[in-house]
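In what follows, a structure is listed as structure tokens, so that the remarks can point back to it.
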Amino acid sequence: MLDELTNKPTERTTNKPQMTNVDHLGYFATKVSDGYVTAKSLLDTNLDETLNVVEGLLRSAIESSNNDPLHPSLGPLYYLYGTTLLYIVEETTETTGMMGPEDQQAAAEDSESDKEAAWENLESARTIIEKIVDEHELKDELKKMIELDLALVYSRLGDLNKANGHFKDCILDYKKTLKLRMKHMGKYCQKTSDAYYSMATAFTNLAAGEGDSEESKSTEAEKKAWNLDSIRQYYECGLCFSGMAAEMVKEDPSFGKIIKDDDDDDDDDDDDDEDEETTANVDSHASRLMSVKKQLESFSLYVAPPPRPETEDEAAKSAWDEQVKKQKEGMTDEQDQFMFCYEMLEEMIECVESADKNMEVLHKAKQNKEKAEEEGTSAGDGTTIGFGSSAAEAGSSVGGGASVEGGQTTFGFGSAAAPTTTATTAPTATTTATTATT
């Protein structure tokens, strides 16, 4: 997977060059360069080719920056390299269960190496972009661009922590992502909803007893609290989609926040019983989202789908599918976007209603995996809940550089082993990885 560059330690210098007042502009110049744009466009079609192209670009960029591994112009390339490696890890995780034992072992070893290199590059990206933000007064437009890039770095670091089973750490990364996206994009956009959904699935994993050795030792009270946290994040994600739909018809996007259900006044009565509290929260949040959904159905862009067949007959199902397809083809772009948000709201309602079931499914999958490992067989990874995996975009890029953790300095390009003393290192446990989307 990785050539000699990624396996060779980056030469370290004692006196690291300081960033000048104009050096940071190299970051933005790389983002609009032909080479970067070309490499980024390959993400959708050929990940291995993307790595090859980025490696070539990095060689040239390093030479042009006088071998300064902290130069801002390397930033977008460090990010692109790291996130591409993580995509490969995520794809491998999805297909591992279909491999034979020997192939599984080889894939696991490759994934660990790729995760380690991805961590180094993404950490380098985080370091350099934070340095630019901290040390330079940027115009509003550039500051927004680079802080949204930083949000993307946090998101991918969160995905990597999730892939490594560090769910508490990935939640912290996703919270940083959410904060920056709320600041610059507001609540009612899909990228903000992505952050809520990513946190929701991570809380679900914690509630199911998954994670590293410390997280898996959590108490039942902690698991129930995390389950409630997952419900709240799914709920907020649903409000993101309802708000986006409302904006399309020039309605107040925050209308969903003021909708109350009939049980709200009784919530305080359940505080002394955790089981009742969980049920109350599921029912309350689901009821509110159902009310929001009903309100969306009164908006002008709503297109009522044909009634589902009550029979299990395959011919009837096929005919219904064809009706839905034709209806979708006849929609305007605005109707299509509105109905996408409506359908995502429906998915969040389902996630809230099935929160307890999702926790049980993941817990059972964890037990099966542990049993299979004891017996020397494979139970497969990649249990999926809800409407799929969390969204982590590759649409923007970030800076590169070095990070210092546990007394060890590491640079991008997979140069040195990630420190074993931090939660962001690449451990051996591989859990459900998310699918990144651009």
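The values are calculated or read from the model by the stated rules, or taken from the named source; none is laboratory data. None of the values given here were measured: they were computed from a predicted structure. Note: ideal-geometry Cβ built from the backbone for every residue, glycine included; neighbour counts use all protein chains shown. In case anyone asks, the SASA skips ligands and DNA or RNA and just uses the protein heavy atoms, side chains included. Shrake-Rupley method; radii C 1.70, N 1.55, O 1.52, S 1.80 Å.
For this structure, a couple of remarks:
- Over 27 Å (Cα to Cα) - which of K162/K357; K115/K168; K191/K317; K250/K317; K326/K357; K223/K294 fall in this group: K191/K317; K250/K317; K326/K357; K223/K294
- The range 97-185: C-alpha gyration tensor shape, a/c 1.5 cut-off, then a/b vs b/c: prolate
- Cleavage-rule hits (GluC sites (Glu not before Pro)) in the range 189-255: DSSP loop, at most 15 neighbouring Cβ within 10 angstrom: E214
- Put simply, when 122-133, 308-319, 23-34 are sorted by average Cβ atoms within 10 angstrom per residue, most first, you get 122-133, 23-34, 308-319.
- Among the protein heavy atoms, those of M145 account for about 70 Å² of accessible surface (1.4 Å probe, every chain in place).
- Whole-Hz Karplus values for the range 111-116 come out as 5, 5, 5, 5, 5, 5 Hz, taken residue by residue from phi with 6.51 cos²θ - 1.76 cosθ + 1.60 and θ = phi - 60°; glycine and proline positions read x.
- Residues listed by number, the range 165-204, amide nitrogen under 12 Å from F340 label point at 7 Å toward C-beta: 190-191
- Nonpolar atom fraction for the range 67-124, defined as the carbon and sulfur part of the 1.4 Å probe accessible area, stands at 48 percent.
- Gain upon complete extension [D48, S254; 0.36 nm per residue less C-alpha separation]: 69.8 nm
- Under 12 Å, Cβ to Cβ, from D336 - net charge with Lys/Arg +1 and Asp/Glu -1: -3
- For D212, nonlocal amide neighbours, meaning residues 5 or more places apart or on other chains whose placed amide H falls under 5 Å from its own, are F167.
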